[in-house]
Amino acid sequence: MPQQTPAGLPGRIQHHIDGRSVDSVDGETFDVINPATGEVYLQAASGGQADVDLAVAAARRAFAGPWPKLLPRNRSRVLHRIADLIESQDERLAELETWDTGLPITQALGQARRAAENFRFFADLVVAQRDDAYKVPGRQVNYVNRRPKGVAGLITPWNTPFMLESWKLAPALATGNTVVLKPAEFTPLSASLWAGIFREAGVPDGVFNLVNGFGETAGDALVKHPDVPLISFTGESSTGRLIFANAAPHLKGLSMELGGKSPAVVFADADLESALDATVFGVFSLNGERCTAGSRVLVERAVYDEFVAAYAERASRIRVGDPSDPATEVGALVHPEHVAKVAGYIEIGKGEARLVAGGERPRGNYVTPTVFADVKPEARIFQEEIFGPVVAITPFDSDEEALALANGVRYGLAGYIWTNDLRRAHTFAQQVEAGMVWLNSNNVRDLRTPFGGLKASGLGHEGGYRSIDFYTDQQAVHIALGDSPSPRFGAGPGPATSFPAQK
Ligand code: NAD
């Protein structure tokens, strides 16, 4: 059945500034396309400096209002209401997300629920939050006074956009900041739901602001705005590098969640059926447009041929098609520009390795799950992030070689290790250069744990209390309990000046 246009699509997408939906000051717009058909279905306001200035000014005013001063319990109540509202419209959200991103509907639904969970988690965390106090018996008590930083600039990518926005919005708001969100230009649709959700939940006007538009204009203006003291960014490593440089003159707080080329290492002693399920899912779920995708599968030589054959067989049977069909496993890639990039890598891969499944573009933005085997570590498809349904499989002969292969790229986001040898599992996991490692599991997150990448995959960690740390300043307050005599400068008997004799 062909994809149905969702009912009740907005006529156009606007910014949301100070509680109002508004067009760009200069009236500029950009086209938004439906990935499944490639058709332009909507115009969105394209923000620039003037729109960002208005949004930041509104957020600053709101920061002077009641929001940062609310008791954590009261902000927590608002956040739980946000979670309730997301849950109550999860199917609608998934429908819009699928329409705008090309993600399979069942997976988009899972992401909508994760977005609600992010709000619940941070709602609970700020209520449970405690801060350090230090005693020097009889002399001093020192404590940490934590306070929100001000206007948080949040810049997000197009893969699972609503969920990734929630990952930043929830801790930023929970800690009492006000925000300006700049969602990805490929996928602005689901972000247009935030304003209504926040209003209904009781978030005061001006606390949440959203400016749509391109990275080089709207994003850049946010990064360089002097009244935005921190930027939380998720996107490509090259963009992260640019933002880092642009934020440097302002000495902003930065959290960078960047690209990945994560290894999934399969040892011969592993439960191979589970490893197959997880490694296939790990790279082809979310259309392969996933920062933590296990896009390099390293397999021990003893089981290599058998594993590659089974992998290729499974990949070739993955159901590709209409993203709104619940049976679909891989949908349409987000945008023709991105398809061109992925297709370019597939052509490069054909010259670098053995194509054992996929490699086709049946139509439009659809790419079949593509498996390359015998991929050499120097190959570009081994080294570079493709961010699509393409996997590189490489054999290894020893633990040392597997580790060198796993670590032999510039990225360091995630790692997946499959073995039933307890000692090897931990020894190997602890040596993998990755911010997050899963042993005998696909990517299942505990929201309390640190999230972030090493090397070119990121800077700083969010997740649990680390997000609270990022979105707050910690001021040390020192209190003297007893007398605390100071050296008495200026109280001595001598003359006010006294210099050594000159030669
Ligand atoms: P991107 O870097 O092109 O864009 C991300 C966001 O940055 C967009 O909103 C974009 O408009 C904005 N932007 C672009 N140039 C900018 C500039 N000069 N100044 C300010 N903002 C600018 O990334 P993308 O293509 O949207 O997303 C895919 C990338 O995101 C992949 O590399 C993926 O691995 C990464 N990602 C990382 C994580 C993580 O948690 N580590 C999660 C999801 C995606």
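The values are calculated or read from the model by the stated rules, or taken from the named source; none is laboratory data. Given the structure is predicted, the values throughout are model-derived calculations rather than measurements. Cβ sites come from the backbone with ideal geometry, for glycine too, and all protein chains shown count toward neighbours.
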Across segment 290-349, which residue is farthest from residue 398 (Cα to Cα) among those that are within 16 Å of the ligand (Cβ to nearest atom), of a type outside the set (A, V, I, L, M) and without any contact (Cβ under 8 Å) to a residue 60 or more places away in the chain?
337
Evaluate segment 141-148: report whether one residue or more is under 24 Å from residue 19 (Cα atoms), within 15 Å of the ligand (Cβ to nearest atom), assigned by TED's automatic domain parsing to the domain that holds residue 92 and at pLDDT 95 or above.
no
Can you name the residue in segment 376-394 that is in contact (Cβ under 8 Å) with a residue 40 or more places away in the chain and assigned to a loop (DSSP other than H, G, I, E, B) and is also farthest from the ligand (Cβ to nearest atom) among such residues?
389
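How many of the residues in segment 323-350 are assigned to a loop (DSSP other than H, G, I, E, B) and within 26 Å of the chain's Cα centre (by Cα)? Steps first, answer last, please.
Within segment 323-350, the subset assigned to a loop (DSSP other than H, G, I, E, B) is 323-329, 331-335.
Cutting the leftovers down to within 26 Å of the chain's Cα centre (by Cα) gives us 323-324, 326, 328-329, 331-335.
Adding up the residues that qualify gives 10.
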Matching option when the condition is crowded, with 23+ Cβ neighbours inside 10 Å and more than 22 Å from residue 414 (Cβ to Cβ), among 332, 310, 302, 248
332
On the given criteria, is residue 195 within 30 Å of residue 326 (Cα to Cα), modelled with pLDDT of 95 or more, more than 7 Å from the ligand (Cβ to nearest atom) and not assigned by TED's automatic domain parsing to the domain that holds residue 461?
no
State yes or no: is residue 361 assigned by TED's automatic domain parsing to the domain that holds residue 275 and assigned to a loop (DSSP other than H, G, I, E, B)?
yes
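Check whether at least one residue in segment 177-188 is polar (S, T, N, Q) and within 10 Å of the ligand (Cβ to nearest atom), and report yes or no. So that I can check it myself, show each step before the final result.
Of segment 177-188, the ones polar (S, T, N, Q) are 177-178, 187.
In the following step, the residues that additionally are within 10 Å of the ligand (Cβ to nearest atom) were identified as 187.
Yes, that holds for at least one residue.
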The residue that is farthest from residue 469 (Cα to Cα), considering only those in segment 247-277 that are within 12 Å of the ligand (Cβ to nearest atom) and polar (S, T, N, Q), is 262
Exception for residue 409 within (1) over 19 Å from the mean Cα position of the chain (by Cα); (2) in the same structural domain as residue 237 (by TED's automatic domain parsing); (3) within 16 Å of the ligand (Cβ to nearest atom) falls at (2)
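Please go through segment 198-242 and give me each residue that is aromatic (Phe, Trp, Tyr) and either in contact with a Leu (Cβ under 8 Å, 6 or more places away or on another chain) or more than 7 Å from the ligand (Cβ to nearest atom) (or both), ordered by number. Let's see the steps before the verdict.
As a first pass, look at segment 198-242 and keep what is aromatic (Phe, Trp, Tyr): 198, 208, 214, 233.
Scanning segment 198-242 gives 198, 208, 233.
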